[in-house]
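The values are calculated or read from the model by the stated rules, or taken from the named source; none is laboratory data. Small disclaimer: the values here were computed from a predicted structure and weren't measured. Note that each Cβ is placed from the backbone with ideal geometry, even for glycine, and that neighbours are counted across all protein chains shown. Surface accessibility is based on the protein's heavy atoms, side chains included, excluding ligands, DNA and RNA. Shrake-Rupley method; radii C 1.70, N 1.55, O 1.52, S 1.80 Å.
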Amino acid sequence: MAQRAFIFDMDGTIVDNMAFHTDSWLAFFARRGKTYDPDAFFRETAGAQGREILRARLGPDIPDDEIAVLAQEKDALYREMYEPHRKTIAGFDELVAKAKARGVLLAVATSAPPGNIAFTLDGLNIRRHFDAIAGAADVKHGKPHPDVFLKAAERLGIEPEKCIVFEDAPLGVEAARRAGMRAIVLTTTLPAEDFAEYDNVIRIVRDFSELSEDDLFAGL
(Lines give C-alpha, C1' and ligand atoms only; values in the text may rest on other atoms or scores of the structure.)
Protein backbone atom coordinates (compact mmCIF):
# COMPACT_ATOMS: atom_id res chain seq x y z
CA MET A 1 0.00 0.00 0.00
CA ALA A 2 1.43 3.38 -1.00
CA GLN A 3 1.81 5.94 1.75
CA ARG A 4 -1.03 8.48 1.96
CA ALA A 5 -1.94 11.35 4.29
CA PHE A 6 -4.98 13.16 5.64
CA ILE A 7 -4.44 16.87 6.37
CA PHE A 8 -7.00 18.56 8.60
CA ASP A 9 -7.79 22.22 8.73
CA MET A 10 -8.50 22.84 12.43
CA ASP A 11 -11.12 25.54 13.01
CA GLY A 12 -14.49 24.55 11.57
CA THR A 13 -13.16 21.11 10.64
CA ILE A 14 -11.82 19.35 13.73
CA VAL A 15 -13.96 21.59 15.96
CA ASP A 16 -17.17 23.41 15.03
CA ASN A 17 -16.06 26.82 16.24
CA MET A 18 -16.21 29.24 13.33
CA ALA A 19 -19.30 31.05 14.65
CA PHE A 20 -17.29 31.83 17.78
CA HIS A 21 -14.38 33.14 15.71
CA THR A 22 -16.75 35.39 13.79
CA ASP A 23 -18.48 36.60 16.95
CA SER A 24 -15.15 37.38 18.62
CA TRP A 25 -13.93 39.29 15.57
CA LEU A 26 -17.16 41.30 15.45
CA ALA A 27 -16.86 42.09 19.17
CA PHE A 28 -13.22 43.09 18.68
CA PHE A 29 -14.05 45.47 15.82
CA ALA A 30 -17.16 46.82 17.60
CA ARG A 31 -14.82 48.12 20.32
CA ARG A 32 -13.24 50.19 17.54
CA GLY A 33 -16.49 51.45 16.05
CA LYS A 34 -16.53 49.06 13.09
CA THR A 35 -19.46 46.78 12.21
CA TYR A 36 -19.68 43.99 9.62
CA ASP A 37 -22.30 41.58 8.36
CA PRO A 38 -21.48 38.23 10.07
CA ASP A 39 -22.06 36.03 7.01
CA ALA A 40 -20.07 38.26 4.67
CA PHE A 41 -17.27 38.59 7.23
CA PHE A 42 -16.96 34.81 7.55
CA ARG A 43 -16.91 34.24 3.79
CA GLU A 44 -14.22 36.87 3.32
CA THR A 45 -11.95 35.84 6.18
CA ALA A 46 -12.27 32.11 6.96
CA GLY A 47 -8.81 30.64 6.44
CA ALA A 48 -6.96 33.97 6.51
CA GLN A 49 -4.43 34.64 9.24
CA GLY A 50 -5.35 37.03 12.03
CA ARG A 51 -2.63 39.50 11.05
CA GLU A 52 -4.00 39.57 7.50
CA ILE A 53 -7.53 40.28 8.76
CA LEU A 54 -6.29 43.04 11.06
CA ARG A 55 -4.25 44.81 8.39
CA ALA A 56 -7.07 44.57 5.84
CA ARG A 57 -9.47 46.36 8.20
CA LEU A 58 -7.30 48.57 10.38
CA GLY A 59 -4.57 49.57 7.94
CA PRO A 60 -1.67 47.91 6.13
CA ASP A 61 1.05 49.94 7.86
CA ILE A 62 0.41 48.92 11.47
CA PRO A 63 3.72 47.77 13.01
CA ASP A 64 4.20 44.07 13.67
CA ASP A 65 4.40 44.50 17.45
CA GLU A 66 1.07 46.33 17.52
CA ILE A 67 -0.50 43.68 15.29
CA ALA A 68 0.67 41.02 17.75
CA VAL A 69 -1.00 42.82 20.67
CA LEU A 70 -4.26 43.25 18.75
CA ALA A 71 -4.25 39.59 17.70
CA GLN A 72 -3.78 38.52 21.31
CA GLU A 73 -6.79 40.61 22.33
CA LYS A 74 -8.97 39.01 19.68
CA ASP A 75 -7.77 35.48 20.49
CA ALA A 76 -8.49 36.01 24.19
CA LEU A 77 -12.06 36.99 23.29
CA TYR A 78 -12.41 33.88 21.12
CA ARG A 79 -11.11 31.46 23.74
CA GLU A 80 -13.36 32.95 26.41
CA MET A 81 -16.42 32.53 24.16
CA TYR A 82 -15.61 29.05 22.86
CA GLU A 83 -14.05 27.23 25.81
CA PRO A 84 -17.37 26.03 27.35
CA HIS A 85 -18.32 24.50 23.97
CA ARG A 86 -14.99 22.94 22.97
CA LYS A 87 -15.32 19.44 21.48
CA THR A 88 -14.44 17.54 18.31
CA ILE A 89 -16.88 17.19 15.43
CA ALA A 90 -18.92 13.98 15.29
CA GLY A 91 -17.02 11.01 13.90
CA PHE A 92 -13.54 12.51 14.31
CA ASP A 93 -12.24 9.91 16.78
CA GLU A 94 -13.53 7.05 14.65
CA LEU A 95 -11.94 8.48 11.48
CA VAL A 96 -8.59 8.87 13.23
CA ALA A 97 -8.71 5.27 14.45
CA LYS A 98 -9.49 3.97 10.96
CA ALA A 99 -6.72 6.06 9.40
CA LYS A 100 -4.16 4.89 11.95
CA ALA A 101 -5.14 1.27 11.32
CA ARG A 102 -4.50 1.80 7.59
CA GLY A 103 -1.13 3.47 8.14
CA VAL A 104 -2.36 6.84 6.88
CA LEU A 105 -0.31 9.81 8.10
CA LEU A 106 -2.20 12.65 9.81
CA ALA A 107 -1.44 16.36 9.95
CA VAL A 108 -3.03 19.66 10.95
CA ALA A 109 -2.65 22.66 8.62
CA THR A 110 -4.28 25.76 10.07
CA SER A 111 -4.16 29.52 9.89
CA ALA A 112 -4.37 29.62 13.70
CA PRO A 113 -1.50 30.98 15.82
CA PRO A 114 0.33 28.73 18.32
CA GLY A 115 -1.86 29.74 21.25
CA ASN A 116 -5.06 28.72 19.52
CA ILE A 117 -3.49 25.49 18.24
CA ALA A 118 -2.58 24.59 21.81
CA PHE A 119 -6.04 25.65 23.04
CA THR A 120 -7.68 23.16 20.67
CA LEU A 121 -5.25 20.27 20.30
CA ASP A 122 -3.96 20.18 23.87
CA GLY A 123 -7.26 21.23 25.41
CA LEU A 124 -8.91 18.22 23.75
CA ASN A 125 -5.85 15.94 24.15
CA ILE A 126 -5.69 15.19 20.42
CA ARG A 127 -2.24 16.51 19.49
CA ARG A 128 -0.97 12.93 19.98
CA HIS A 129 -2.88 11.80 16.88
CA PHE A 130 -0.91 13.95 14.45
CA ASP A 131 2.40 13.25 12.74
CA ALA A 132 2.89 16.91 11.77
CA ILE A 133 1.39 20.33 12.54
CA ALA A 134 1.71 23.54 10.52
CA GLY A 135 0.20 26.85 11.56
CA ALA A 136 0.33 30.61 11.08
CA ALA A 137 3.77 30.83 12.67
CA ASP A 138 5.21 28.49 10.03
CA VAL A 139 4.19 30.32 6.84
CA LYS A 140 4.05 33.89 5.58
CA HIS A 141 0.61 33.79 3.95
CA GLY A 142 -2.73 32.37 4.99
CA LYS A 143 -5.23 30.64 2.74
CA PRO A 144 -5.99 30.73 -0.19
CA HIS A 145 -2.21 30.57 -0.53
CA PRO A 146 -1.22 26.88 -0.47
CA ASP A 147 1.74 27.42 1.87
CA VAL A 148 0.38 25.83 5.04
CA PHE A 149 -0.79 22.66 3.26
CA LEU A 150 2.53 22.34 1.45
CA LYS A 151 4.38 22.84 4.74
CA ALA A 152 2.33 20.06 6.36
CA ALA A 153 3.08 17.70 3.46
CA GLU A 154 6.76 18.59 3.65
CA ARG A 155 6.83 17.78 7.36
CA LEU A 156 5.10 14.48 6.69
CA GLY A 157 7.61 13.71 3.96
CA ILE A 158 4.88 12.99 1.43
CA GLU A 159 3.95 14.34 -2.01
CA PRO A 160 1.01 16.78 -2.17
CA GLU A 161 -0.93 14.62 -4.62
CA LYS A 162 -1.00 11.83 -2.03
CA CYS A 163 -2.79 14.04 0.50
CA ILE A 164 -6.50 14.50 1.15
CA VAL A 165 -7.43 17.75 2.88
CA PHE A 166 -10.43 18.15 5.20
CA GLU A 167 -11.78 21.70 5.00
CA ASP A 168 -14.86 23.79 5.77
CA ALA A 169 -14.18 27.08 3.95
CA PRO A 170 -13.80 28.08 0.28
CA LEU A 171 -10.47 29.81 0.91
CA GLY A 172 -9.16 26.57 2.38
CA VAL A 173 -10.45 24.44 -0.48
CA GLU A 174 -8.83 26.84 -2.95
CA ALA A 175 -5.56 26.60 -1.00
CA ALA A 176 -5.74 22.81 -1.23
CA ARG A 177 -6.42 23.05 -4.98
CA ARG A 178 -3.36 25.27 -5.47
CA ALA A 179 -1.33 22.76 -3.46
CA GLY A 180 -2.41 19.96 -5.81
CA MET A 181 -4.49 18.23 -3.12
CA ARG A 182 -7.98 16.77 -3.16
CA ALA A 183 -10.44 17.95 -0.52
CA ILE A 184 -13.32 16.62 1.52
CA VAL A 185 -15.61 19.43 2.68
CA LEU A 186 -17.50 19.60 5.98
CA THR A 187 -20.57 21.85 5.87
CA THR A 188 -20.21 23.02 9.46
CA THR A 189 -20.72 26.65 8.45
CA LEU A 190 -21.52 26.96 4.74
CA PRO A 191 -23.88 24.96 2.49
CA ALA A 192 -22.69 22.46 -0.09
CA GLU A 193 -23.49 24.74 -3.02
CA ASP A 194 -20.75 27.14 -1.92
CA PHE A 195 -18.19 24.53 -2.99
CA ALA A 196 -19.70 23.55 -6.34
CA GLU A 197 -17.02 25.33 -8.40
CA TYR A 198 -14.06 23.44 -6.94
CA ASP A 199 -12.90 20.51 -9.05
CA ASN A 200 -10.68 19.14 -6.28
CA VAL A 201 -13.62 18.43 -3.93
CA ILE A 202 -14.32 14.69 -3.85
CA ARG A 203 -16.98 14.56 -1.11
CA ILE A 204 -19.16 17.00 0.85
CA VAL A 205 -20.55 15.87 4.22
CA ARG A 206 -22.08 17.30 7.36
CA ASP A 207 -19.52 15.65 9.66
CA PHE A 208 -17.00 12.80 9.73
CA SER A 209 -19.63 10.20 10.63
CA GLU A 210 -21.07 10.47 7.09
CA LEU A 211 -17.86 9.30 5.44
CA SER A 212 -17.74 5.70 4.29
CA GLU A 213 -14.71 3.42 4.05
CA ASP A 214 -14.76 3.92 0.26
CA ASP A 215 -14.81 7.71 0.65
CA LEU A 216 -11.72 7.58 2.81
CA PHE A 217 -9.61 4.71 1.56
CA ALA A 218 -10.57 3.87 -2.02
CA GLY A 219 -7.41 3.79 -4.09
CA LEU A 220 -5.02 3.78 -1.13
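Partners of LYS87 within straight-line reach, counting lysines whose Cα lies under 20 Å from its Cα and excluding those fewer than 8 residues away in the same chain: LYS98.
Percent of Cα-Cα pairs per 5 Å bin, from 0 to the last occupied bin, for the range 86-217, please list those. So the P(r) values, bin by bin, are 2, 11, 20, 24, 25, 16, 3, 0. Adding -39500 (n - 2.57) for every DSSP H run of four residues or longer, then dividing by how many residues the chain holds, sets the calculated 222 nm ellipticity at -11500 deg cm²/dmol.
DSSP assigns beta bridges within the chain; of those with both partners inside it, close to 5 percent run antiparallel. By the rule of a C-alpha distance below 20 Å, with chain neighbours fewer than 8 residues away ignored, the aspartates and glutamates paired with LYS162 are ASP9, ASP131, ASP147, GLU154, GLU174, ASP199, GLU213, ASP214, ASP215. In this simple spin-label approximation, GLU80 and ALA27 carry label points 7 Å from Cα along the Cα→Cβ vector, and these lie 0.6 nm apart. Taking all Cα-Cα distances within the range 11-88, those exceeding 20 Å account for 29%. Axis of helix 92-101 versus longest Cα principal axis of the chain: the two differ by about 40°, to the nearest ten degrees. The calculated FRET efficiency for ASP93 paired with ALA192, based on their beta-carbon distance and R0 = 30 Å, is about 0.80. Residue by residue through the range 206-212, which ³J(HN,Hα) values in whole Hz follow from phi under the Karplus form 6.51 cos²θ - 1.76 cosθ + 1.60 (θ = phi - 60°), with glycine and proline marked x? Computed from phi, the couplings for the range 206-212 are 6, 7, 5, 5, 8, 8, 8 Hz. Sorting 28-36, 13-21, 207-215 by their mean Cβ neighbour count within 10 Å, with the most densely packed peptide first, gives 13-21, 207-215, 28-36. Looking at the range 102-220, the accessible area is 41 square angstrom per residue; that uses a 1.4 Å probe and ignores ligands, DNA and RNA. Computed as a quarter of the hull surface, the mean projected area of the alpha carbon convex hull for the chain stands at 11.4 nm².
Here the Gaussian network model covers the chain, with springs between Cα atoms less than 10 Å apart; of ALA176, ALA109, ALA118, ALA118 fluctuates the most. Rounded to the nearest Hz, the phi-derived 3J(HN,Hα) couplings of the range 133-148 under the Karplus curve 6.51 cos²θ - 1.76 cosθ + 1.60 (θ = phi - 60°) are 9, 10, x, 4, 6, 9, 9, 7, 10, x, 5, x, 4, x, 3, 5, where x marks glycine and proline. For the range 88-131, the fraction of C-alpha pairs more than 11 angstrom apart is 70%. When only Cα pairs below 8 angstrom with a gap of at least 6 residues are kept, the range 71-220 shows a relative contact order of 19 percent. Size check on the range 112-179: the Cα extents along the three principal axes, sorted descending, read 31, 22, 21 Å.
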